[in-house]
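Visitor: If you scroll down you'll find the structure; I have some questions about it.
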Amino acid sequence: MSEARSNKNFITQIIEDGLSAGLPVSSLRFRFPPEPNGFLHIGHTKALGISFGLGEAYGAPVNLRFDDTNPAKEEQKYVDAIKTDIQWLGYQWDKECYTSDYFDQLYQWAILLIKLGNAYVDSQSSEDIAAQKGTPTEPGTNSPFRLRTVEENLRLFNEMKLGQHDSGSHVLRAKIDMASPNMLLRDPILYRILKQSHHRTGQDWCIYPMYDWAHGQSDYIERISHSLCSLEFKPHRDLYEWCLDQIGQAGTLLPKQREFARLNLSYTVMSKRKLLRLVEQNIVAGWDDPRMPTISGLRRRGYTPMSLRNFVETVGVAKRENVIDVALLEFCVREDLNTIAPRAMAVLDPIKLVITNYDAGRIEMLSGEINPEDPSAGDREIPFSNTLLIEREDFKEVAERKFFRLSLGQEVRLKSAYIVKAESVQKDANGRVTEVYCTYDPDSLSGSGSEASLRKVEGTLHWVSEPHAIKAEVRIYDRLFKHESPDTDKDVDFMSHLNPDSLHRVEAYLEPGLATAKPGDHFQFQRLGYFVADPDSTPNQLVFNKTVGLRDNWAKKPQNPILQHSNAAKGSERSAIEDIKRLGKKYTNLPEEKRLKVRQEILTLADAVSYEDLEPLFKTAQKKTGTRIAAVLTAAVWINNGGQITNALKVFLKDASQADNALLASEAKLLQIND
């Protein structure tokens, strides 16, 4: 058994259970189904890692299927970018598929639904349809067109296909149950009229299937065994299975939808709609701007495929939504770049250092390690002269007690070179130091083995030789948002949290060995951080992007991000039952739209609640109606998952069903627990 299979999570356990029950390994097939309406982002790396990771673990094929059912928002450039990103991450799909490949089959199956009496054409407005949906506690109202004859439905649906009706005039709806507790089963829309040119089918179609109709059927066509998606699709599972039941043939394998918690990252937004807004309003310089959480943006920033895959593996697979500290992502890229990035020296804010006892015009070629983590990489040559450049922040005329860099009368070592001592300075008319004059100890060359070379001094500085330095533009990036959760407050525009200092451009001076750097080449600029050559580089003007610093400078108290990640999981993150109680407190005071969202959030959280956590809520005071509703919803999930119906639970639900509050009573009555 492979390592991936032996380290089980709940998804691999589901697969292992299926195999134990007789499912042949040869029947396993997975898929990754992006919608080509934007670039992939860091959140997609988790879905990619799960599906392709399972493919690698079980030797099973993984399809790349583009869910291209909304031509109003989809473009070929997004298809191309998605394929590039997946290949760059090191994944290889089996078949490249498109939902549009199945438009004819999906249409024929829709006709079959109509003939079976399980679908009808509704000619109401979208507003009227929405108004008839009802609420989680009140059944919906049947459409006045629900009883149209099969013949009339077939005629209208054909006319919709032929473009004889305007957008919005008709939709095709499934005929399921307008009183279903799952509102997604209340006659969902399967097709709508959309007169838009499709990036693959052109003008061939003017009706397009909705996601819920196309998703499961495409899985079925491709013989997908496990359809894995994020938690927000869990309420869709009943509809997914209903659709498959309508077209599945006896003896064929029906796909199983299973859900996992999506990846959320601090100081980041993941919504493609919000990312598109950043692009369209020129907040960033495109989808691949190094500040963007897109895979192409991370690649341009200098992240490596291995760092992203290690990040996903470290985060793991969970059933419950949480937010991962971005410091963990930065830790993963540091770990990878530390082993592979050649070292070099660069000065971003220079001040001149003149060595007065080193002959003017003398040039010495010194030796420096290319990568101390890889001795086989060898050494590089670095030119040394009497006129050097160092970082301005590395010098002070008078140093405080803990300043271990260069100051008047003090010694430091120049990296891979000599020990120098600052003697005097030169200033401009404003009193700003422009040059520092030093002497050097000629016997102190690093690595020479001399007694002087072994002398201990407090600080070591990086430097470049001024006459040999090459100029380059260096782009210093910081986080795009100042707020840890920029889009969680629905009353505040996430754009108000933008960090105005997320990008600084500086003219830097680099050691000459970097002159041949090509776009995508990684380096550690010693003492500064990790950098990558940008695609904007030209032979005459190099451009480097800062990937990440050598340590986390964002947090006031830096710590190992893995510890920070695990501590968050153990300490600062509330338990599921605590979150449910918090959501329940204001439940009855929320507007209906907000209440529906909170209801779904409670149902999602309830999956992680044990009976031991649930039972204390049975004693909640009568006046705390919202908390009691939250307890009923949690109990519903417990029962649905096969949990034992105890006497205490029966008493609680019976009492709730007789409550004066209509919301509470209706939720309890939906469970229909018999004595």
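The values are calculated or read from the model by the stated rules, or taken from the named source; none is laboratory data. Remember, it's a predicted structure, so these values are computed and weren't measured experimentally. Note that each Cβ is placed from the backbone with ideal geometry, even for glycine, and that neighbours are counted across all protein chains shown. Note: accessible area is taken over every heavy atom of the protein model, side chains too, but ligands, DNA and RNA are not part of it. Shrake-Rupley method; radii C 1.70, N 1.55, O 1.52, S 1.80 Å.
Visitor: What are the residues whose amide H is under 5 Å from the amide H of residue 97, where those residues sit 5 or more places off or on another chain and H is modelled from the backbone?
Guide: When sequence neighbours closer than 5 places are left aside, the close amide H contacts are 64, 65, 66.
Visitor: For helix 211-221, report the angle its Cα long axis makes with the longest principal axis of the Cα atoms of the chain; keep it between 0 and 90° and round to the nearest 10°.
Guide: 90 degrees
Visitor: Report the Cα centroid-to-centroid distance between the stretch 345-398 and the stretch 596-673 in angstrom, as an integer.
Guide: If you average the Cα positions of each part, the centres end up 69 Å apart.
Visitor: Okay, moving on. Amide H to amide H under 5 Å from residue 441: which residues, 5+ apart in sequence or cross-chain, H placed 1.01 Å off N in plane?
Guide: Residues meeting the criterion, in which the H sits 1.01 Å from N, are 419.
Visitor: Separate question: Among the aspartates and glutamates, which have Cα under 20 Å from the Cα of residue 623 when same-chain residues fewer than 8 positions away are ignored?
Guide: 578, 579, 615, 655, 660, 667
Visitor: Now for a different question. If you add up the charges near residue 178, with Lys and Arg at +1 and Asp and Glu at -1, over every other residue whose beta carbon is less than 14 angstrom from its beta carbon, what do you get?
Guide: Working: positive: 133, 146, 173, 175, 186; negative: 122, 128, 138, 177, 187.
Residues near residue 178 contribute 0 overall.
Visitor: Turning to a different aspect of this structure: Using Cα atoms only, what is the angle between the long axis of helix 326-340 and the major principal axis of the chain, expressed in degrees (0 to 90) to the nearest 10?
Guide: On a 0 to 90 degree scale, this one is about 50.
Visitor: Further, regarding this structure: Among bridges DSSP assigns within the stretch 185-296, what percent are antiparallel (round to 5)?
Guide: On the way: 4 of 9 bridges.
The antiparallel fraction comes to roughly 45 percent.
Visitor: Relative to the longest principal axis of the chain, what angle (0 to 90°, nearest 10) does the C-alpha long axis of helix 42-58 take?
Guide: 80 degrees
Visitor: How charged is the neighbourhood of residue 470? Take every other residue with its Cβ under 14 Å from the Cβ of residue 470, and add Lys/Arg as +1 and Asp/Glu as -1. Walk me through the numbers on the way to the answer.
Guide: Values: positive: 471; negative: 466, 473, 507, 511.
Counting the neighbours of residue 470, the net charge comes to -3.
Visitor: Per-residue counts of other Cβ atoms within 10 Å, averaged by peptide: what ranking do you get for 81-94, 489-502, highest first?
Guide: On the way: 81-94: 17.4, 489-502: 12.9.
Final packing ranking: 81-94, 489-502.
Visitor: Right, something else. What lysines could a cross-link reach from residue 518, if we take a straight Cα to Cα line under 17 Å and drop same-chain neighbours fewer than 8 places away?
Guide: Output for residue 518: 471, 546.
Visitor: With all protein chains present, calculate the accessible area of residue 26 using a 1.4 Å probe and round the result to the nearest 10 Å².
Guide: 110 Å²
Visitor: Among 147-158, 173-184, 326-337, how do they line up by average Cβ neighbours within 10 Å per residue, starting with the highest? Intermediate values should be presented prior to the final figure.
Guide: Numbers: 147-158: 15.0, 173-184: 17.5, 326-337: 22.2.
Ranking the peptides 147-158, 173-184, 326-337 by packing returns 326-337, 173-184, 147-158.
Visitor: Enumerate the amide H contacts of residue 193 below 5 Å, restricted to partners 5 or more residues apart or on another chain; note that Pro and chain-start residues carry no placed amide H.
Guide: Result for residue 193 returns 168, 170.
Visitor: Another one. Order the peptides 520-533, 128-141 from the highest to the lowest mean number of other Cβ atoms within 10 Å of their residues. Intermediate results must be reported in sequence, preceding the final value.
Guide: Numbers: 520-533: 21.1, 128-141: 15.1.
Going from most to least packed, we get 520-533, 128-141.
Visitor: Given a 1.4 angstrom probe, what's the average accessible area per residue across the chain, in square angstrom? Kindly include the intermediate steps, with their values, before the conclusion.
Guide: Values: 31400 Å² over 675 residues.
Per-residue value: 47 Å².
Visitor: Kirkwood Rh over Cα pairs of the chain into Stokes-Einstein at 20 °C, 1.002 mPa s: D in µm²/s? Intermediate results must be reported in sequence, preceding the final value.
Guide: Numbers: Rh = 29.4 Å.
Translational D for this selection: 73 µm²/s.
Visitor: Arrange the residues 187, 288 by how much accessible surface each exposes, largest first, with a 1.4 angstrom probe.
Guide: Numbers: 187 0, 288 55 Å².
Descending accessible area places them as 288, 187.
Visitor: While we're on this one: Spelling out what I want: for every residue of the stretch 135-143, take phi, set θ = phi - 60°, compute 6.51 cos²θ - 1.76 cosθ + 1.60 (Karplus), and round to whole Hz; glycine and proline get x.
Guide: 10, x, 10, 10, x, x, 10, 4, 5
Visitor: How many percent of the accessible area of the chain is carbon or sulfur, using a 1.4 Å probe?
Guide: On the way: 14780 of 31400 Å².
Exposed carbon and sulfur together represent 47 percent of the surface.
Visitor: Let me ask something else about it. Excluding same-chain residues fewer than 8 positions from residue 256, which lysines have a Cα within less than 21 Å of its Cα?
Guide: 8, 46, 95, 234, 319
Visitor: Let me ask you something else. Please turn the phi angles of the stretch 360-371 into ³J(HN,Hα) values with the Karplus equation 6.51 cos²θ - 1.76 cosθ + 1.60 (θ = phi - 60°), one per residue in order, whole Hz, x for glycine and proline.
Guide: Calculated HN-Hα couplings, in order: 4, x, 7, 10, 10, 9, 9, 10, x, 5, 7, 7 Hz.
Visitor: Next question. So what are the three principal axis dimensions of the stretch 268-357 from its Cα atoms, in whole Å, longest to shortest?
Guide: Reported extents, whole Å, longest axis first: 67, 35, 19.
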